[in-house]
Structure formats: structure tokens, C-alpha cells
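The values are calculated or read from the model by the stated rules, or taken from the named source; none is laboratory data. Fair warning: this is a prediction, and the values are worked out from it, not measured in the lab. Glycine also receives a Cβ, built like all others from the backbone with ideal geometry; neighbour counts cover every protein chain displayed.
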Amino acid sequence: MIIYTVRPGDTLDSVARQYSLSPALIAADNGIISPLVEGQSLVLRQPVLTYTVEAGDTLSSVAQSFGTTENVLWQNNPLLGGRDTVYPGQTLVMSYGPPSLGTDISLNGYAYTYISDDTLRRTLPYLTYLSVFSYGLNPDGTLVPPRQDDGRLIALARQYGTVPIMMLTSITAQGTFSNELINTVLQSEALTASVITAAANTAREKGYGGIETDFEYISAENAQAYIDFVSALKAELGPGYTVFTDLAPKTSAAMPGLLYEAHNYPELGEAADFLFLMTYEWGYSYGPPMAVSPINNVRRVLDYAVSEIPREKLFMGLPSYGYDWPLPYERGVTAAQSLSSREAIELAAYQGVPVQFDTEAMAPYFRYTEDGTEHIVWFQDARSTEALASLADEYSLGGIGVWNIMRPFQSMWSVISGLYGINKL
């Protein structure tokens, strides 16, 4: 796998000729739907083995003939869109050779219930787990269900050999995280028991393979109550179910702040099966312009996390999006707009500006001016994905969690599947 940076004058055809690849293959691996932009990164993968579909073939029969799986064929052939329709004369990539880092990894992806079938099907072949966002809490200890039924996501996940995980959050019926609500629940044995029973019963009835807790803004005095909650939830679910717990990105045990103080890394690490490190949102809607996940900041979180929690239990957060800030930035006034990586490239193409790359943050960015206002856009691309995803191997982590999978980002999946084999349970 090569990560190529587009130069002035490059076209899809010229890059393809330079590396003896099909333009259609490069386009598929990168989800390209717009002209190339100077500074844009492209994933280039050289097939080791291909197969031409014959009359009577099905995707399943081809996979069986070559001793592989449909999920691997979907990973190798993004144009299939996660669907099993093939036709005579179609060329399928059977193998790209062994992953460059030589190891297998577990991947989790986060989705809201309104994700499109098309995006979900394209993504599920790459996922070990699918965390469905989310169930919230009522003051009486009952659950707030997702705004749309989650049965569709659970059923589709199972079709692709992906374990669906039910997310349990401290979000109210009004759709916001509540410090008051989560602290009230944790301080009451009766409410805690009610939430745990309701969550476990819902997970079983719906067909989930586990539960992930994302309780934010817990007061420091309730840190032990949260540990006890996670332990009791795991015990209530019993064998065969997986418990994830989300952790704010701390760099030390005594890190101050409402997001951090109640997240006791070592004890939550003992209570849960896996811990998801929310290593993103340094650059965020109301913050100063910067990379969403600067690699130097991510490393500081990982350095602390692996000193407190077994490495194989840790999932590192990987963002799939960016932000567009109007300048000058004014705290409390400026609001950045979220955009997908594909939208960022399309915006750079429309504005006619090159993409630049910050080697300290290991993230791409560009500037443009519209209606007299200067903007700066920080986003994710193949280079930043490779740099961040490689940390999972460097730190011997259990997995990577992608926040979130709502918008297409094919080059990210091409990079990850080029680096690792992906576990299917």
C-alpha cells in the first residue's frame, strides 16, 4: 500500500499509469467523485490476485473457491458496496497480499439509527463491532429509546458477522447529556438497579451482543459509583455479552475537569471488557481551529492509558470528519461547521486551493476565502488515518473505534484494511 500525494498537473489517469493501476480501482479505493486536488492523498493498492467472474458464479461461490470470505471480498472491492451482486466479465480483487503491519485488529464503528442502508452496508464488512447510538436515561430509571428503531441496524450487522453493541448514555429525552441526571442515578441504589435491569433486558430482547456505556459529566464524588455500575452491568449481562466503557482522553490520573475526574482508568479497566478512548475533538465546533486528533495529543493519552489499563482492552478513537472555521476565531462566538473528508476535498476543489499537511499534528488542512471571510479547514485523509491507525500496532492495542461511520470515507477503510487483518467474531 502506498499513500500518494497529488502533485500539480496530476490526473487520475496519469497517477494510474505511473503505478500501473486501473483508474477505476484507484477511484473505488478512495471514493473519488471530484477532480484531484493538489495535496490530496490517495491510497494506492496493487492487487496480487484477481478473478474474472464467470456465468453461474456468485460472490459466495467465488469466496469458497478461493478459500476466503465474502467480507474480505467486500473489503477488497469497494465497488460492490457490500452487496453480493456480481456479473460475468467483472474483475474481482481476490487478494492484496498480507496486511503491511502483519497483525489482526478489532474495529468498532459508531452509528446513529438514521444511517442509510447504503453507507451501512459499505462499512459493515470492515467492522468487528457496531455500536448503535443510543439509549438515554429517564429520571425514573427507565430508558429513552433511540429516535428511530434500531432493529434494522442490528439485523444488518448480524448479516455481515458484526457484533451489534447497544450504547447506553447519560442523554436525556431532550437529547442532551445531563450532569444532574447521571449523578442522581448513580447516587441511588434503586435507580442504578432499575437502569441496569432495563438495559440488560433490552439488549437481550433486541439481539445485541453487548452494551457500551458513555456516561459523561459525572461528578468526581461518584467515581466509585460509576465503577460499581459497570461491574454490576457486566454481572447482570453474564457470559457471552461484551461490555465497553467510554473514557475521556486523560493524560494523568489527577487531570482536572468535569469530563475527566470520575473516569478512573485502572478500576474501570478492571470492570469492563473493553475501554474506548475518545481521542478526538481537540479541534471542535466551538474551539480554536486545529486538527480533530493531533497525533502528539493522542500519543500523550495513549502513554497514560497503557500505564493503567491492559493494552489489549483499549480501543483508540479515530475520527472520520473535520471542521470548517471562519476566521478570525473568537471564543464563544465562532462556530465551525462539521464536514466529511470527501466534502472537504470537494470544497478545496471548488475553491481552487491546495491541501497542505501539518507534520506535527499529522493532519491535512487548507485555507480559502469566500465573501470576504477567510476560512481554515482541518480534516482527515489517508495520511492522517495511516499515522493514527498505526498507533494501535505501535501500542499493541486491542482495537480502533471510528467516530463515526455516518458519512462515506472509503480511503480510511482502504488504509485500515491495508494495515491490518480485521477480526470477525
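Within the stretch 224-242, does at least one residue satisfy the condition of being buried (at least 21 other Cβ atoms within 10 Å of the Cβ), of a type in the set (S, T, N, Q) and touching a Phe, Trp or Tyr at 6+ places or on another chain (Cβ under 9 Å)? For the stretch 224-242, residues buried (at least 21 other Cβ atoms within 10 Å of the Cβ), of a type in the set (S, T, N, Q) and touching a Phe, Trp or Tyr at 6+ places or on another chain (Cβ under 9 Å): absent.
Please verify whether TYR350 is of a type outside the set (Asp, Glu), over 23 Å from ILE3 (Cβ atoms), without any contact (Cβ under 8 Å) to a residue 24 or more places away in the chain and surrounded by 16 or more Cβ atoms within 10 Å (Cβ to Cβ), treating the condition exactly as stated. Spelling it out, it is not the case that TYR350 is of a type outside the set (Asp, Glu), over 23 Å from ILE3 (Cβ atoms), without any contact (Cβ under 8 Å) to a residue 24 or more places away in the chain and surrounded by 16 or more Cβ atoms within 10 Å (Cβ to Cβ). Just to be sure, is ASP246 without any contact (Cβ under 8 Å) to a residue 40 or more places away in the chain, touching a strand residue (DSSP E or B) at 6+ places or on another chain (Cβ under 7 Å), within 21 Å of GLY401 (Cα to Cα) and surrounded by 17 or more Cβ atoms within 10 Å (Cβ to Cβ)? Against the criterion (without any contact (Cβ under 8 Å) to a residue 40 or more places away in the chain, touching a strand residue (DSSP E or B) at 6+ places or on another chain (Cβ under 7 Å), within 21 Å of GLY401 (Cα to Cα) and surrounded by 17 or more Cβ atoms within 10 Å (Cβ to Cβ)), ASP246 qualifies. Taking first residues from the stretch 263-274 that are farther than 17 Å from MET167 by Cα and among the aromatic types (Phe, Trp, Tyr) and partners that are at pLDDT 95 or above and part of a loop (DSSP other than H, G, I, E, B), the Cβ contacts under 8 Å between residues at least 6 apart in sequence or on separate chains come to TYR265/LYS250; TYR265/ALA253; TYR265/ILE309. In the set GLY332, GLY287, GLY283, GLY240, only one residue is farther than 30 Å from GLU370 by Cβ and of a type outside the set (Val, Ile, Thr); that residue is GLY240. In the stretch 352-425, counting only strands (runs of 3 or more DSSP E) that sit wholly within it, the ones holding 2 or more residues that are of a type in the set (A, V, I, L, M), over 27 Å from VAL93 (Cβ atoms) and in contact with a strand residue (DSSP E or B) (Cβ under 9 Å, 6 or more places away or on another chain) span 373-378. Going by the conditions given, is PRO98 in a loop (DSSP other than H, G, I, E, B) and at pLDDT below 95? Yes; evaluated as a whole, the condition is true for this residue. Selection within the stretch 161-183: residues that are surrounded by fewer than 19 Cβ atoms within 10 Å (Cβ to Cβ) and in contact with a helix residue (DSSP H, G or I) (Cβ under 7 Å, 6 or more places away or on another chain). The member of this set that is nearest to HIS263 (Cα to Cα) is THR172.
For the stretch 36-47, does any single residue satisfy the condition of being of a type in the set (Val, Ile, Thr), assigned by TED's automatic domain parsing to the domain that holds SER20, at pLDDT 95 or above and closer than 20 Å to GLY421 by Cβ? For the stretch 36-47, residues of a type in the set (Val, Ile, Thr), assigned by TED's automatic domain parsing to the domain that holds SER20, at pLDDT 95 or above and closer than 20 Å to GLY421 by Cβ: present.
Residues checked against (1) surrounded by 17 or more Cβ atoms within 10 Å (Cβ to Cβ); (2) among the aliphatic types (A, V, I, L, M):
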{"position": "GLU374", "(1), (2)": "no, no"}
{"position": "VAL377", "(1), (2)": "yes, yes"}
{"position": "ASP381", "(1), (2)": "yes, no"}
{"position": "SER411", "(1), (2)": "yes, no"}
{"position": "VAL415", "(1), (2)": "yes, yes"}
{"position": "LEU419", "(1), (2)": "yes, yes"}
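Residue by residue, here is whether (1) among the β-branched types (Val, Ile, Thr); (2) over 28 Å from TYR160 (Cβ atoms) holds:
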{"position": "TRP325", "(1), (2)": "no, yes"}
{"position": "SER340", "(1), (2)": "no, no"}
{"position": "ASP371", "(1), (2)": "no, yes"}
{"position": "THR385", "(1), (2)": "yes, no"}
{"position": "GLY418", "(1), (2)": "no, no"}
{"position": "GLY421", "(1), (2)": "no, no"}
{"position": "LEU425", "(1), (2)": "no, no"}
